[in-house]
Each structure stands twice: as structure tokens, then as C-alpha cells.
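Every number here is computed from the coordinates shown, using simple stated rules; none is lab data. Please read all numbers here as calculations on a predicted model, not as lab measurements.
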Amino acid sequence: MSYLQGKYSYLLVAVIALLSWWLVKLTVVEMLAGREDVAHSADYFSSGYTKWEMSKTGALKTLLRADKMLHYKDDGTVHLDKPVMSFYNAKTPPWVIRSATGIVSADGKTIFLNGNAIIDRAKAEGVRPVTINTSNLKVNPETSYAETADGAELISLPQRTTGIGMKLVYVEPIRVELLAKVRGHYETKK
């Protein structure tokens, strides 16, 4: 073997070693990236999800339905597609809240409704119907409370009131508070 062939042999071995090192490094980076995706993956799911809660007297208190539910083990959250939440009490029709998606906190005490949210209460004897259009609503079923920092439109015909930010207590005594830039359209009796 000549001197030149020996140099090329060492150069070839060095190039192969460098390529091997680079491929190992690339593979390790891809494996670690794959683990991050697995870390926040659903550990169980349900299609046509329904959850209800009863009061101390056995009456229906809350009902949560969703087209799909995914539970994530790493943070304990529950992700919902098209959730519909109904809150019942003895004196008035239930409050019904709908949105496109939602996330239930790990402790189950807070529900974040993402995107457009519609809150409805039907008409009944002595009770006017109410519709509230808003978005990005935070609901605490335990305290019968909901809030948003986004715009809200309260409709109880013939009145219509809009504002930025809203706080809602949906048990007696019911309170709706619009926080800023409140404007209303009210019809008066003639």
C-alpha cells in the first residue's frame, strides 16, 4: 500500500466516523422530539360523552354532554368537542351553555369554553328568556359562576345590552354584570 492510499484510507475512515456520529445525533434528536408528542397524548376517550351530577336531595344539578371527550394523563385535563352544559335549579328553567370546544381542569372545578359560547335560559312562568352571546368563557360549576374578558351580548327581548367583560351568577339571586363599554337598546312601554 502506498503512502497516498494510506492517507485516503484514513480520510475515508474519518468521513465514515463523522457521518456515523451525525446520524446518531440526528436519530437521538428525533427520538426525543417523538417523546414530547407522546407526553401529551390522550390516555382514554369517549364519543357521545355524558356526565351528570346530582344535588344532595337527589335532583339533577348539572349535566355535561359532548360529542367527544379526551383525557390527558400528563396534566389531568379533559378536552371536549361541542360541549353542552346544563345547570338545573328548582325555580327556573335550566341555564344551558354551548361552545365549540372546552377544557375541564384536572381538579374538575373549572371549565374553559373556547371560541364562541352561547348561554340560554328558556321562558317559563314569571321568567323571561335570556340569551348571552360571548366567547372564551370560564365556568365554575361549584359556585354557579361564569366569566369572560371578551365581548358579551345579553338579549332578553325586547332589550339588548352589550359590553366588554362579563360576570354571571346563574343561581338565585341571578346576577349578570357587564364590565366595560356597556351599551343598551331598551324598548319602553307606551
Report task. Find the Rg to Rh ratio for region 112-190, where Rh is the Kirkwood radius over alpha-carbon pairs and Rg uses the same atoms. Result -> 0.97
Query raised in the report: Given the alpha-carbon gyration tensor of region 39-148, what are the semi-axes of its equivalent ellipsoid in whole angstrom, ordered largest first, with each equal to the square root of 5 times an eigenvalue?
Result: 26, 16, 12
**Report entry** Residue-span extension gain [Ser9 to Val182] - 0.36 nm each, minus C-alpha spacing
**Finding:** 54.2 nm
Query raised in the report: Just the C-alpha atoms of the chain: what Rg/Rh do they give, with Rh taken as the Kirkwood radius?
Result: 1.38
Query raised in the report: Taking springs between alpha-carbon atoms closer than 10 angstrom, which of Glu53, Glu125, Glu142 fluctuates most in the Gaussian network model of the chain?
Result: Glu125
Requested in this report: With 5 Å bins from zero, work out the P(r) of region 91-132 over every alpha carbon pair and list the percent per bin.
Outcome: 6, 20, 21, 19, 15, 12, 6, 1
Report summary line: Percent relative contact order for the chain, counting Cα pairs under 8 Å at least six residues apart, stands at 10 percent
